[in-house]
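Read the structure below first, then the notes.
The values are calculated or read from the model by the stated rules, or taken from the named source; none is laboratory data. Note that the structure is predicted; figures quoted are calculated from it, not measured. Positions of Cβ are backbone-derived with ideal geometry, glycine not excepted, and every protein chain shown enters the neighbour counts. These accessible areas exclude ligands, DNA and RNA; they are computed on the full protein's heavy atoms, side chains included. Shrake-Rupley method; radii C 1.70, N 1.55, O 1.52, S 1.80 Å.
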Amino acid sequence: MNILILGSGGREHAFAYQIVQSSKCSKLYVAPGNAGTAEIAENLSLNPIDFAAVANTALDKEIEMIVVGPEDPLVKGIVDYFANDERLKNIQIIGPSSRGALLEGSKERAKEFMAMHGIPTAAYESFSFESLDAGKNFLETLKPPYVLKADGLAAGKGVLIIEDLKEAKKELENMLSGKFGAASKKVVIEEFLDGIELSVFVLTDGKNYKILPTAKDYKRIGEADTGLNTGGMGAVSPVPFADETLMSKIEERIVKPTVNGLMREEIDYKGFVFIGLIMVNKEPYVIEYNVRMGDPETEVVLPRIKSDLVELLEKTWNVTLDKAQLEIDPRSATTVMMVSGGYPESYEKGKVISGIKEIEDSIVFHAGTKQEGNDIVTSGGRVIALTSFGEDYKMALKKSYQSAEKLQFDKMYFRKDIGFDLS
Ligand code: AMP
Ligand code: GLY
């Protein structure tokens, strides 16, 4: 079948890498894609949130399946758009409806969903500008640090963790006055959870589910998790401390109630759920839902799936995931992200990347790259993710770092301590 992937990052290259290996895929398109996806698929210059353009292209190219990479089109309702059009409704579009996507699109909604379905999460309250004083009073009842979350999508920047009470009150006021635009018209204030994080990925058809490999990402720009937050600087899968005991707690207390909650609320959800967790005294608490795969987590999760991904996605669409087999590569996978110097603040683009062809022991997933004449040049903050396999995460990381030595572009930076907190 003809398949279209929406998005342009390392995540989408990893999807493309996996999907072209399927015997079910006859022609693969990525929109808009990057220089890496162009090598294995056909890039289309399309904006994923221009639904009419996506629809026209899907009809024109006789697309039978669409995999939506980022959250934006999902929160804006791309799945509903396809479901409500006779000509489009049989295209297998993988992702939740907009009601499902609200689990990521609104922190308040996610917290209400968790409360309603008994899913463990940090205690919280939600405030608007009208209830600013109540919000300040609520802060006084909490212990530092204070966690303030913009309700809506804020490009990964909407969570503030603040030590000082006075500063937290000030920031609450700033947020409610529009610091993150419409996204912070409401703010969720929650209890700080102290513990180690991990992410669990679930594929669900809205009724059945498969738990995919776990992963841990490293979001801060600096070593030892210091400095500004980024989209993610590297990832490891599986997470060594996610043993069977912990995974069965996560499945019973979090995954099952989440899928049952979607069913009880009659939410149409055929796609990925990315559950961000913090372990407090070995007990799992949800800190966030995302309604898509993570980036760079996808670059370590998907390569470990040995089963045919297209078949899994077809069963997701047909609500027969209970009949699917999920075979996982027992080896560890790691990825290290090469970024443009200056990222996540300002950085230059258009730097020629050399050494890609010399890399043999890692999979080179392109993130922010584009073809310019005979060169591949940087076109974003996160440029290339180097994914490797090993008997354990340390052996895999060694290969990712050896590959990083071969790669070069002006002001290239990467973290040299991915996995530092795992041993
Ligand atoms: P979120 O966008 O909700 O994932 O939050 C971004 C990051 O903030 C998370 O990855 C955590 O590191 C941190 N965080 C969010 N909520 C909490 C919390 N309640 N306690 C401690 N850290 C948190
Ligand atoms: N790596 C975190 C995310 O994709 O949201």
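What's the number of the only condition in (1) within 16 Å of ligand 2 (Cβ to nearest atom); (2) under 20 Å from Ile119 (Cα atoms); (3) open to solvent by less than 10 Å² (accessible area, probe 1.4 Å) that Ile287 fails to meet?
(3)
Which residues, taken from segment 215-226, are surrounded by 20 or more Cβ atoms within 10 Å (Cβ to Cβ) and acidic (Asp, Glu)?
Answer for segment 215-226, where residues must be surrounded by 20 or more Cβ atoms within 10 Å (Cβ to Cβ) and acidic (Asp, Glu): just Asp217.
Is it true that Ala168 is touching a residue at least 24 places away in the same chain (Cβ under 8 Å), within 12 Å of ligand 1 (Cβ to nearest atom) and not in a strand (DSSP E or B)?
Taking the combined requirement at face value, the residue does not satisfy it.
Suppose the filter is over 15 Å from Ser237 (Cα atoms) and surrounded by fewer than 20 Cβ atoms within 10 Å (Cβ to Cβ); does Asp375 pass it?
Criteria met by Asp375.
Condition first: within 16 Å of ligand 2 (Cβ to nearest atom) and among the β-branched types (Val, Ile, Thr). Now tell me which residues in segment 127-160 satisfy that.
Val159
Kindly indicate whether Val259 is surrounded by fewer than 23 Cβ atoms within 10 Å (Cβ to Cβ), of a type in the set (A, V, I, L, M, F, W, C) and away from ligand 1 (no atom under 15 Å from the Cβ).
For Val259, the condition - surrounded by fewer than 23 Cβ atoms within 10 Å (Cβ to Cβ), of a type in the set (A, V, I, L, M, F, W, C) and away from ligand 1 (no atom under 15 Å from the Cβ) - is met.
What residue, among those in segment 113-171 that are surrounded by 20 or more Cβ atoms within 10 Å (Cβ to Cβ) and of a type in the set (S, T, N, Q), is nearest to Glu288 (Cα to Cα)?
Filtering first and then ranking leaves Thr121.
Counting just the residues of segment 227-239 that are more than 13 Å from ligand 1 (Cβ to nearest atom) and open to solvent by 20 Å² or more (accessible area, probe 1.4 Å), which one comes out modelled with the lowest pLDDT?
Restricting to residues being more than 13 Å from ligand 1 (Cβ to nearest atom) and open to solvent by 20 Å² or more (accessible area, probe 1.4 Å), the top hit is Gly227.
Can you give me the ranges of the strands (runs of 3 or more DSSP E) entirely in segment 76-159 with at least 1 residues that are out of contact with any Leu (no Cβ under 7 Å at 6 or more places or on another chain) and within 12 Å of ligand 1 (Cβ to nearest atom)?
124-128, 146-150
Select from segment 240-256 the residues that are part of a loop (DSSP other than H, G, I, E, B) and surrounded by 15 or more Cβ atoms within 10 Å (Cβ to Cβ) and write down the one among them that is farthest from ligand 2 (Cβ to nearest atom).
Among those that are part of a loop (DSSP other than H, G, I, E, B) and surrounded by 15 or more Cβ atoms within 10 Å (Cβ to Cβ), it is Pro240.
Going through segment 94-129 one residue at a time, which ones are free of Cβ contacts under 8 Å to residues at least 40 places away in the same chain, among the hydrophobic types (A, V, I, L, M, F, W, C) and closer than 30 Å to Gly7 by Cα?
Within segment 94-129, just Leu102 meets the criteria.
Could you check how many residues of segment 175-214 are crowded, with 16+ Cβ neighbours inside 10 Å, polar (S, T, N, Q) and more than 30 Å from Gln92 (Cα to Cα)?
Result for segment 175-214: 1.
Residue-by-condition table, conditions (1) within 16 Å of ligand 2 (Cβ to nearest atom); (2) modelled with pLDDT of 95 or more; (3) touching a Leu at 6+ places or on another chain (Cβ under 7 Å):
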| position | (1), (2), (3) |
| --- | --- |
| Thr316 | no, yes, yes |
| Lys323 | no, yes, no |
| Arg331 | no, yes, no |
| Thr335 | yes, yes, yes |
| Met338 | yes, yes, yes |
| Tyr343 | yes, yes, no |
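Tell me, which residue of segment 188-204 that is part of a strand (DSSP E or B) and under 19 Å from Asp217 (Cβ atoms) is nearest to ligand 2 (Cβ to nearest atom)?
Filtering segment 188-204 for residues that are part of a strand (DSSP E or B) and under 19 Å from Asp217 (Cβ atoms), the one nearest to ligand 2 (Cβ to nearest atom) comes out as Ser199.
With (1) within 16 Å of ligand 2 (Cβ to nearest atom); (2) under 14 Å from Leu422 (Cβ atoms); (3) among the small types (Gly, Ala, Ser); (4) part of a loop (DSSP other than H, G, I, E, B) as the list, and Ala224 as the residue in question, which single condition is left unmet?
(1)
Within segment 171-197, track down each residue that is more than 28 Å from Phe241 (Cα to Cα), among the small types (Gly, Ala, Ser) and within 12 Å of ligand 1 (Cβ to nearest atom).
Ala183 - this is the single residue of segment 171-197 that is more than 28 Å from Phe241 (Cα to Cα), among the small types (Gly, Ala, Ser) and within 12 Å of ligand 1 (Cβ to nearest atom).
Yes/no per residue for (1) modelled with pLDDT under 95; (2) buried (at least 24 other Cβ atoms within 10 Å of the Cβ); (3) in a loop (DSSP other than H, G, I, E, B):
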position	(1), (2), (3)
Ile3	no, yes, no
Leu6	no, yes, no
Arg11	no, yes, no
Phe15	no, yes, no
Gln18	no, no, no
Ser23	no, no, yes
Gly36	no, yes, no
Glu39	no, no, no
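Output the number of residues of segment 290-346 satisfying the condition of being more than 16 Å from ligand 1 (Cβ to nearest atom), open to solvent by 30 Å² or more (accessible area, probe 1.4 Å), touching a strand residue (DSSP E or B) at 6+ places or on another chain (Cβ under 6 Å) and closer than 30 Å to Ile221 by Cβ.
Selection size over segment 290-346: 1.
Output the qualifying pairs, or none if there are none: Cβ atoms under 7 angstrom, residues six or more apart or on different chains, first residue in segment 182-202 and free of Cβ contacts under 8 Å to residues at least 40 places away in the same chain, second residue within 16 Å of ligand 2 (Cβ to nearest atom) and not small (Gly, Ala, Ser).
Ala183/Leu153
Kindly establish whether Leu277 is buried (at least 18 other Cβ atoms within 10 Å of the Cβ), farther than 21 Å from Gly232 by Cα and either at pLDDT 95 or above or away from ligand 2 (no atom under 16 Å from the Cβ) (or both).
no
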